[in-house]
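Written below as structure tokens is the structure these notes are about.
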Amino acid sequence: MADATEHPEVESEELKGLDSRRVEAIREAVEARDTARLSELMEPLHAADIADVLEQISSGERRDLVQMWSGKIDGEILSEIDESIREEVVDYLPRNVLAEAVRELDTDDVVDILEDLEEPEKEFILDALEDADRVAVEQAMSYPEYSAGRLMQRETVAAPEDWTVGQAIDFLRAAETLPDQFYHVILVDPRMKPVGNVTLGRVLSSKRATKMRDIAEEMFRTIHATEEESEVAYLFNQYHLISAPVVDESDRLVGVITIDDAMAVLDEEHEEDILRLAGVGEGSLSDNWIETTKQRFPWLFVNLLTAILASGVISLFEGTISRIVALAVLMPIVASQGGNAATQGLAVAVRALATKSLTESNVWRVIWREIAQGVANGVLFAAVIGVITYFWFGQPLIGLVIGAAMIINMFAAALAGLLIPLGLERMGFDPALASGAFVTTVTDVVGFFSFLWLAGLVLL
């Protein structure tokens, strides 16, 4: 078996944390079936880094690593693993290790794991939980997917609103179990309806005789269990919340959402928007080539159809192009410039819709702004390309034609980049997922048509 002295690089400063050399060393240890070496490399890592290692290696290496190191995989590591490979890792774990790992987790983390598993694994994990935890998890699973009820943790710290700081401190000290992470004591009325939040800092810094309601935060919001998790993330980001109580249809306390869970949702929303704008779905680097093909094929096919449509527009002007060959050289410039301009507007519009900064009250102001900048940029680039075309081909009229087409297409691009995502959002579709193909079609069709039509009108 390899001795640690054979690998002095492990002790170096550069190998503290996760880097490519450590991942490669882990691969080598797995291939050599060197359990001691693997433990030496893995144990210093944070749970999130261990999850990254599992995502970066191949499926076969992942299986071998989990089997060699399964006794050290705990609930924290399970909760950090990307959902695309979580079920695979769960399948590789010995049943007793899996049972012990899930018992360590808060209910929200257990729910997050269960959402990605098949029924046999779900039943095993539920059976492994304590009765109270199982009931709490099953109640959370009864809420709609992607709702606050799925996101919340059932473990809360609540106190009657008429308690003093001293009573609250004594209660916390006497409690047999408390959540691993909590930031507030939630004040409730006799019907268990939340009425305020008191930060732990204020509890610890106030005199024992102080009424809890007197040191409650001014900013207080409750979240309904059926609220969409994207809305929850927006509320946390918008109002700088640290935690927020979750209530049922009767406004009674059923759980709490903390900032780490809300920010994870916000991060996922941003990642989804970026991937969908590029038409690559919600894939992961750990997906195999078959899954990646399935995810990308639909939108590549849509792009093929739109490209055929643009080519159909070009075919209408075959005679014009055959008589003036320079048009074939220049027309991609008009379409490309319009496409880039539309993509800029599209990115801004999708982000504004996601953050709710684009609303009915300011939509017309934004539309006029986009029209103005589209025309302004169109005029500027029309002048630039007109001059270039004149010196390139020595024909002033071609410069005028491409300049006019540039203005028209930049105007169309500005409108399409804003109005298409707005329209899709109004119809209930995800603007990030579907806008790109439609915007590209508009700029290609308008660009080719305006340039070739003007060329036929002016030059022939």
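Coordinate-derived values only; no laboratory data. This is a predicted model, so every value here is computed, not measured. Cβ atoms come from the backbone with ideal geometry, glycine included; neighbour counts cover every protein chain shown.
Here are a few things to note about the model shown:
- Neighbour counts of C-beta atoms inside 10 Å place M410, M68, M219 in the sequence M219, M68, M410, starting with the fewest.
- Degrees separating the helix 131-141 axis from the principal Cα axis of the chain, which is the longest one: 20 degrees
- Rounded to 0.05, the FRET efficiency of the V458 and I367 pair, given R0 = 35 Å and the Cβ-Cβ distance, is 0.70.
- With the highest mean first, a sort of the peptides 305-311, 238-244 on other beta-carbon atoms found within 10 angstrom per residue produces 238-244, 305-311.
- Residues L300 and F429, FRET efficiency given R0 of 22 Å [Cβ-Cβ distance, rounded to 0.05]: 0.70
- Normalising the average separation of contacting C-alpha pairs (under 8 angstrom, six or more residues apart) by the number of residues puts the relative contact order of region 4-142 at 18 percent.
- Degrees between helix 431-459 axis and first principal axis of the chain (Cα, 0 to 90, nearest 10): 10 degrees
- With contacts taken as Cα pairs under 8 Å and at least 6 residues apart, region 289-459 reaches a relative contact order of 37 percent.
- Taking every C-alpha pair closer than 8 Å and separated by at least 6 residues, the mean separation divided by the residue count of the chain gives a relative contact order of 11 percent.
- Inter-label distance for R221 and Y183, nm, one decimal - labels placed 7 Å from Cα along Cα-to-Cβ: 1.3 nm
- Computed packing ranks the peptides 225-234, 324-333 as 225-234, 324-333, most packed first, by mean other Cβ atoms within 10 Å.
- Of (i) 28.8, 101; (ii) 23.6, 81; (iii) 29.5, 93, the label for Rg and Dmax of the Cα atoms in Å derived from the coordinates: (iii)
- Over all other residues within a Cβ to Cβ distance under 13 Å of A413, the charged ones net out to -2, with Lys and Arg as +1 and Asp and Glu as -1.
- Reported to the nearest whole Å, the Cα centre-to-centre distance from region 149-222 to region 91-128 is 30.
- Additional length obtainable on full extension of the chain from S58 to L200, 0.36 nm per residue less Cα span: 46.7 nm
- Inter-label distance, A47 to I242: 2.1 nm, where each label sits 7 Å from its Cα along the C-beta direction.
- Dipole of the chain, positive direction: furthest Cα of M152, T306, L65, with charges on the beta-carbon: T306
- The chain: angle of helix 47-56 to the longest principal axis, Cα-based, in degrees nearest 10: 40 degrees
- Region 336-391: trypsin sites (Lys or Arg not before Pro) in DSSP loop, at most 13 other beta carbons within 10 Å: K356
- Those aspartates and glutamates that a straight Cα-Cα span of less than 15 Å connects to K356, excepting residues fewer than 8 apart in one chain: E228, E229, E231, E269, D273, E425, D430
- Projecting label points 7 angstrom from Cα along Cα→Cβ for T292 and T35 puts them 3.5 nm apart.
- Per-residue packing, averaged as other Cβ atoms within 10 Å, sorts the ranges 146-157, 31-42 into the order 146-157, 31-42, beginning with the highest.
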